[in-house]
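A.B. asks: I'd like to ask you about the structure that follows.
The values are calculated or read from the model by the stated rules, or taken from the named source; none is laboratory data. The model shown is predicted, which means the values in this text are computed figures rather than measured ones. Neighbour counts are summed over all protein chains in view; Cβ atoms, including those assigned to glycine, are modelled from backbone coordinates with ideal geometry. Ligands, DNA and RNA are excluded from the accessible area calculation, which covers all protein heavy atoms including side chains. Shrake-Rupley method; radii C 1.70, N 1.55, O 1.52, S 1.80 Å.
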Amino acid sequence: MAKSVRDSFDLDGRVAIITGGAGLLGQKHAEAVAELGGIPCLLDLDAERTAEAANRLSQIYKCQSFGAALDITKPEAIDAIRTQILDQFGRVDILINNAANNPKMENTDGANWSRFEELPLQIWNEDISVGLTGAMLCSRIFGSHMAENDGGVILNIASDLGIIAPDQRIYRNEGETADTQNVKPVTYSVVKAGLIGLTKYLATYWPDKGVRANALAPGGIYNGQDDAFVSRLTNLIPMGRMADKDEYKASVAFMISDASSYMNGATLSIDGGRTVW
């Protein structure tokens, strides 16, 4: 008998890895896992903050949880965490590649390092290393476990800016000259577009082993931005607003559960319609 729609969302006992798990969206992804009966495993650079986030989930949702520090650019560290999680829970069912660098755009001495002409190679290397190489390494290490066992799901958190180019006009500051205006760094677009490419690759790599891969492309989220920026951005969104931080949880739940069992290699845009315009 086929599962009911309600039962298709059930994650009872499933172990979900969330990189960047102590961040704004990472904690929301973890809440989606916990609400559906899964075991969220939060991984992030800050050990104390990550442990606190995991403990909070356990208290609120009465679930098992795991929180640990991890540098996802180091394969041996990922291997060690995988062993630790398998020793504790015996399985890994879900990987959410959420970690990314997103450095603040700041003017320095009249120049802006975020501009394409000025972007330091070190920033490029660091952003690619965390956002793209880290996702590849986690997919390889956790995904290979899924492929060798009962299958699983990989969800890459991309962005609307992995589909469209950033509209640099929304980052402008009054009084700045054209060549010193803030811009969204090239690394953000490259990483997010790369995650969509990684998703397609993974979707065709282990399908016979029961491993699916999809990408979520969220739009902008209200997070204390100044009014001028919010106004400029919302003018680009057909729905006329940014997303609330909780509005992606149900989408994540769909994509990591059996509710999306025939979804593979897809990118789901949840952006208020911005990529339509």
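A.B. asks: Can you find, within region 172-198, the residue that is nearest to residue 266 (Cα to Cα) among those that are β-branched (Val, Ile, Thr) and over 23 Å from the mean Cα position of the chain (by Cα)?
C.D. replies: Across region 172-198, the extreme among qualifying residues is 180.
A.B. asks: Look at residue 99 and say whether it is small (Gly, Ala, Ser), more than 24 Å from residue 150 (Cβ to Cβ) and touching a Gly at 6+ places or on another chain (Cβ under 8 Å).
C.D. replies: Taking the combined requirement at face value, the residue satisfies it.
Condition check ((1) modelled with pLDDT of 95 or more; (2) assigned to a loop (DSSP other than H, G, I, E, B)) across all residues:
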| site | (1), (2) |
| --- | --- |
| 59 | yes, no |
| 72 | yes, yes |
| 82 | yes, no |
| 114 | no, yes |
| 124 | yes, no |
| 135 | yes, no |
| 140 | yes, no |
| 143 | yes, no |
| 146 | yes, no |
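A.B. asks: So is residue 76 exposed (fewer than 14 other Cβ atoms within 10 Å of the Cβ), within 23 Å of residue 129 (Cβ to Cβ) and either at pLDDT below 95 or in contact with a Phe, Trp or Tyr (Cβ under 9 Å, 6 or more places away or on another chain) (or both) or not?
C.D. replies: Considered against the rule, which asks whether it is exposed (fewer than 14 other Cβ atoms within 10 Å of the Cβ), within 23 Å of residue 129 (Cβ to Cβ) and either at pLDDT below 95 or in contact with a Phe, Trp or Tyr (Cβ under 9 Å, 6 or more places away or on another chain) (or both), residue 76 comes out as no.
A.B. asks: Which residue, of 204, 177, 199, is in contact (Cβ under 8 Å) with a residue 24 or more places away in the chain, more than 15 Å from residue 232 (Cα to Cα), out of contact with any helix residue (DSSP H, G or I) (no Cβ under 6 Å at 6 or more places or on another chain) and loosely packed, with under 14 Cβ neighbours inside 10 Å? Before you say what the answer is, go through the steps one by one.
C.D. replies: Details: 177 fails: in contact (Cβ under 8 Å) with a residue 24 or more places away in the chain; 199 fails: loosely packed, with under 14 Cβ neighbours inside 10 Å.
None of the other options fit; the residue is 204.
A.B. asks: Additional query: Which of the following residues is touching an Asp or Glu at 6+ places or on another chain (Cβ under 9 Å), of a type outside the set (Val, Ile, Thr) and touching a residue at least 24 places away in the same chain (Cβ under 8 Å): 91, 82, 49?
C.D. replies: On the way: 82 fails: touching an Asp or Glu at 6+ places or on another chain (Cβ under 9 Å); 49 fails: touching an Asp or Glu at 6+ places or on another chain (Cβ under 9 Å).
The match here is 91.
A.B. asks: Right, another one. Regarding residue 144, is this residue of a type in the set (S, T, N, Q) and without any contact (Cβ under 8 Å) to a residue 40 or more places away in the chain?
C.D. replies: When the stated conditions are applied, residue 144 passes them.
A.B. asks: With the structure loaded, tell me whether residue 272 is touching a Lys or Arg at 6+ places or on another chain (Cβ under 8 Å), modelled with pLDDT of 95 or more, assigned to a loop (DSSP other than H, G, I, E, B) and surrounded by 18 or more Cβ atoms within 10 Å (Cβ to Cβ) or whether it fails that test.
C.D. replies: So residue 272 fits the description; yes.
Table: residues versus (1) among the aromatic types (Phe, Trp, Tyr); (2) touching a residue at least 24 places away in the same chain (Cβ under 8 Å); (3) in a helix (DSSP H, G or I); (4) open to solvent by 40 Å² or more (accessible area, probe 1.4 Å).
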site	(1), (2), (3), (4)
10	no, yes, no, yes
18	no, yes, no, no
21	no, yes, no, no
31	no, yes, yes, no
41	no, yes, no, no
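A.B. asks: Look through region 243-269, keep the residues that are in contact with a strand residue (DSSP E or B) (Cβ under 6 Å, 6 or more places away or on another chain) and more than 30 Å from residue 151 (Cβ to Cβ), and return whichever of them is least open to solvent (accessible area, probe 1.4 Å).
C.D. replies: 243
A.B. asks: Specify the residue that is farthest from the chain's Cα centre (by Cα); the eligible residues are those in region 156-171 that are in a helix (DSSP H, G or I) and aliphatic (A, V, I, L, M).
C.D. replies: 170
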